[in-house]
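Here the structure comes first, spelled out in structure tokens, and everything after it is commentary.
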Protein chains: 2
Amino acid sequence: MENHQEIAGILLRYHRFLIATHVMPDGDAVGSMLGLGLGLQKKGRRVTMTCPGGVPENLRFIPGSDQIVAADDIQSSEYDVVVVLDSSDLGRIEGVYERLSPGIPIVNIDHHSTNKGYGTYNYVDSSSAATGEQVYKILISINVRVDPSIAICLFTAIATDTGFFRFSNTTPTTLRIAARLVERGAEPSVISEQVYEARSLENLKMLGRVLDTLQMDKTGKIAWMEVYGNRMSELSLDEGQTEGFVNYARMVKGVEVALIFRESADGKIRVGMRSKGEFDVGALAETLGGGGHARAAGCSLDSQSISEAKELVFGKVYEIMGLAGD
Amino acid sequence: MENHQEIAGILLRYHRFLIATHVMPDGDAVGSMLGLGLGLQKKGRRVTMTCPGGVPENLRFIPGSDQIVAADDIQSSEYDVVVVLDSSDLGRIEGVYERLSPGIPIVNIDHHSTNKGYGTYNYVDSSSAATGEQVYKILISINVRVDPSIAICLFTAIATDTGFFRFSNTTPTTLRIAARLVERGAEPSVISEQVYEARSLENLKMLGRVLDTLQMDKTGKIAWMEVYGNRMSELSLDEGQTEGFVNYARMVKGVEVALIFRESADGKIRVGMRSKGEFDVGALAETLGGGGHARAAGCSLDSQSISEAKELVFGKVYEIMGLAGD
């Protein structure tokens, strides 16, 4: 396992880089990839950047986004090294990995504690709030001057992975790096607007309809919402656009477990889970064949209806809480 | 006009303090008052803290909140000095100001650029994101060790007034002070949950219904929502609980002006305004007899109906934008 200084030294040995990040990339994936890519370009390196499936629209404001290419454009023989960012295993860069020359060195940079250590070199630091924090340290080690473009990339990475410094992964170091990036030209309000304030009218109306289904159980500890397929199709939305809605159920005072039940196109019922306080939704999801973390998890159920799924999940929650369900 | 070191020296001259903040206090008002109050207590000072109308429930977790007294409990003869926090004029501490002995020295600490300078001593710094930042500097100047309680007070003050470091008032200094406060024991995730995740089920259901009224004009630059009195009473809510809903209209992609029209108990139509980009809603509100800042403002109209109010406000917006309204 390497530290940021060692990785910095290793990176400088190479000249032709492929940098890749995971499918359905979030702000940390795109921001840390572009931050590292632009930084290496300043050191005279040739850099190709890619992520399977492309960059979501609300992240395309990040400087350098137009340089990101599709997996199809990758010519395996053109790179000396591949850097994989923010990805706990190589399956996360599916479509890219298959195109690499066998034996090409892999540099694995990630902050997920579940990282498999698949790299030739591995810099995995689960105390970092974001991969963007690790990239910042690398760039400082190789004496790249952080310009406004790089500052925007890395601030976006860090701010999005900490929910704008609201999540428990926010450390004093996170905030100090953020301070430096603002000094270097990142504007928090502009970044926040770009990432979060480019929603469609339909998406917000859907949130309205889903909020109208919000309910609380008789113990006051479980709040849930329901999403029916026909309501989504009325607004020409797919399931993906209800992502994050479950957080609203968590906002109800006194609630410990927040759930969203969604009818899915494949006939299954998908359950999104969030928690507050002691309750571990990761453990709950596991008993139901899903996965995740203590505060955010999910599973997919073969139930025929939302009400069937509810019965199953509520039973488990009451069991874990040591409460009678009746 | 004094700076933080001078104010620190002036404060230490006194022994019996009354600290007051504004009516309908927000996180910065309560957090900066408690941070200063607990800090002065550590220096052996006798401190009474008050705010007209009391502390909202979601801020009562802030350490020392139980020490805050009602205006009725203030005995004017018992204080050597009154410190007024986060209040641009003395009208903001109505009910408290009237009880003070004539001639009592007033220390005015605030970050609003509109502050009237009403104090005997004035430390007004509009470059501070929050009054909590100013209090932090004062406490450092008087060598108060920031303990976890004070850290929670001041982090809450700063985080709430910057929308968790998302607003344009967030500076490198803001983030560095936040880093120190996390080091001293403030936990961002716990504070965020306390402030933002103690909403009532009814409030969130109301948000759902209001979102269902979301519309966009034909230019795509104005989005608005409507709140009818009867819908609020169905859910036993008052107007105050729709505060902040207008921000959702601002999240629509491409929108520059976000509006919420609310039927008010006094028969008027209240208009909340937010902007993105160049549009100055403060100037818009002023032409309609209201007030505010470039990004957030409001007014109260004598219109008989929401549709009448809409016509008036949209006309002004199109005029300012240089667009034909038709």
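If we count every other residue with Cβ under 15 angstrom of B:Ala186's Cβ, Lys/Arg +1 and Asp/Glu -1, where does the sum land?
-1
I need the Kirkwood Rh of chain B: take the reciprocal of the average 1/r across all distinct C-alpha pairs and report it in angstrom.
Averaging 1/r across every pair of different Cα atoms and inverting gives 21.1 Å.
Taking amide H positions as placed in the peptide plane 1.01 Å from N, state which residues far from A:Met49 in sequence (5 or more) or on other chains have amide H under 5 Å from it.
HN-HN under 5 Å from A:Met49: A:Ile19, A:Val69.
Using Cα positions and a limit of under 16 Å, work out the lysines in reach of A:Lys43, with same-chain residues fewer than 8 apart set aside.
A:Lys137
Springs between alpha-carbon atoms under 10 Å, Gaussian network over chain A: tell me which of A:Ala157, A:Ala296, A:Ala178 tops the mean-square fluctuations.
Most flexible of the set in this elastic network: A:Ala296.
Along each of the three principal axes of the Cα atoms of the stretch A:4-196, give the extent in whole Å, ordering the values from largest to smallest.
43, 34, 33
When ligands, DNA and RNA are left out and all protein chains stay put, how many square angstrom of accessible area per residue does the stretch B:188-301 have with a 1.4 Å probe?
39
Just to be sure I understand: if I project the alpha-carbon convex hull of the stretch B:1-111 onto a plane and average over all orientations, what area do I get in nm²?
So the Cα hull casts an average projection of 6.5 nm².
I'd like the antiparallel share, as a percent to the nearest 5, of DSSP beta bridges with both residues in chain B.
Approximately 40 percent, going by the DSSP bridge assignments.
Please go through the residue pairs A:Lys276/B:Lys42; B:Lys116/B:Lys218; B:Lys276/B:Lys310; A:Lys116/A:Lys221 and name each one whose alpha carbons sit more than 30 Å apart in this structure.
As for pairs spanning more than 30 Å Cα to Cα, those are A:Lys276/B:Lys42; B:Lys116/B:Lys218; A:Lys116/A:Lys221.
Looking only at Cα atoms, what is the convex hull volume of the protein assembly as shown per residue, in Å³?
That works out to 179 Å³ per residue.
Dipole size in debye (nearest 20) for the protein assembly as shown around its Cα centre, Lys and Arg Cβ +1, Asp and Glu Cβ -1?
1480
Find which of B:Gly220, B:Val317, B:Leu201 sits farthest along the positive direction of the dipole of the stretch B:201-321, computed with +1 on the beta-carbon of Lys and Arg, -1 on that of Asp and Glu, about the Cα centre.
B:Gly220
Solvent-accessible area per residue for the stretch B:103-173 at a 1.4 Å probe radius, Å²?
Value for the stretch B:103-173: 33 Å² per residue.
Between chains B and A, what is the buried accessible area in Å², counting both sides, with a 1.4 Å probe and ligands, DNA and RNA left out, to the nearest 100?
Roughly 4000 Å² of accessible surface disappears when B and A pair.
Determine the sum of side-chain charges near B:Leu259: Lys and Arg each +1, Asp and Glu each -1, restricted to other residues whose C-beta is under 13 angstrom from that of B:Leu259.
It works out to a net charge of +4.
Just to be sure I understand: with springs between alpha-carbon atoms less than 10 Å apart, which residue in B:Gly315, B:Gly132, B:Gly35 has the highest mean-square fluctuation in the Gaussian network model of chain B?
Answer for the Gaussian network model of chain B: B:Gly315.
Mind checking which aspartates and glutamates have their Cα closer than 19 Å to the Cα of A:Lys316? Skip sequence neighbours fewer than 8 apart in that chain.
The qualifying aspartates and glutamates are A:Asp217, A:Glu226, A:Glu256, A:Glu278, A:Asp280, A:Glu286, A:Asp302, A:Glu308, A:Asp326.
Cα-based Rg of the stretch B:201-321 per 2.2 N^0.38 Å, rounded to two decimals?
The value comes to 0.98.
What is the sum of charges, Lys and Arg at +1 and Asp and Glu at -1, for the other residues whose Cβ falls under 11 Å from the Cβ of A:Asp89?
Net charge in that neighbourhood comes out at 0.
Do any trypsin sites (Lys or Arg not before Pro) in the stretch A:1-74 lie in a DSSP loop with no more than 10 other beta carbon atoms within 10 Å, and if so, which?
A:Arg13
Just by accessible area at a 1.4 angstrom probe, what is the order of A:His22, B:His293 from largest to smallest?
Descending accessible area places them as B:His293, A:His22.
Calculate for chain B the 222 nm mean residue ellipticity that helices alone would give, adding -39,500 (n - 2.57) per DSSP H run of length 4 or more and normalising by residue count, nearest 500 deg cm²/dmol.
Only helices count here, giving -10500 deg cm²/dmol.
Please state the shape class of the stretch A:226-293: rounded when a/c is under 1.5, otherwise prolate if a/b exceeds b/c and oblate if not, all from the C-alpha gyration tensor.
Judged from the Cα gyration tensor, the stretch A:226-293 comes out oblate (a/c at least 1.5, b/c at or above a/b).
I'd like the carbon and sulfur percentage of the solvent accessible area for chain A, probe radius 1.4 Å, heavy atoms only, ligands and nucleic acids excluded.
Here it works out to 47 percent.
In what sequence, largest accessible area first, do B:Glu197, A:Glu263, A:Glu187 appear using a 1.4 Å probe?
Largest accessible area first, the list is A:Glu187, A:Glu263, B:Glu197.
The values are calculated or read from the model by the stated rules, or taken from the named source; none is laboratory data. Quick caveat, the model's predicted, so the values are computed rather than measured. No Cβ is skipped: glycine too gets one built from the backbone with ideal geometry, and neighbour counts run over all protein chains shown. Quick note on the areas: whole protein, heavy atoms, side chains included, nothing else; ligands and nucleic acids left out. Shrake-Rupley method; radii C 1.70, N 1.55, O 1.52, S 1.80 Å.
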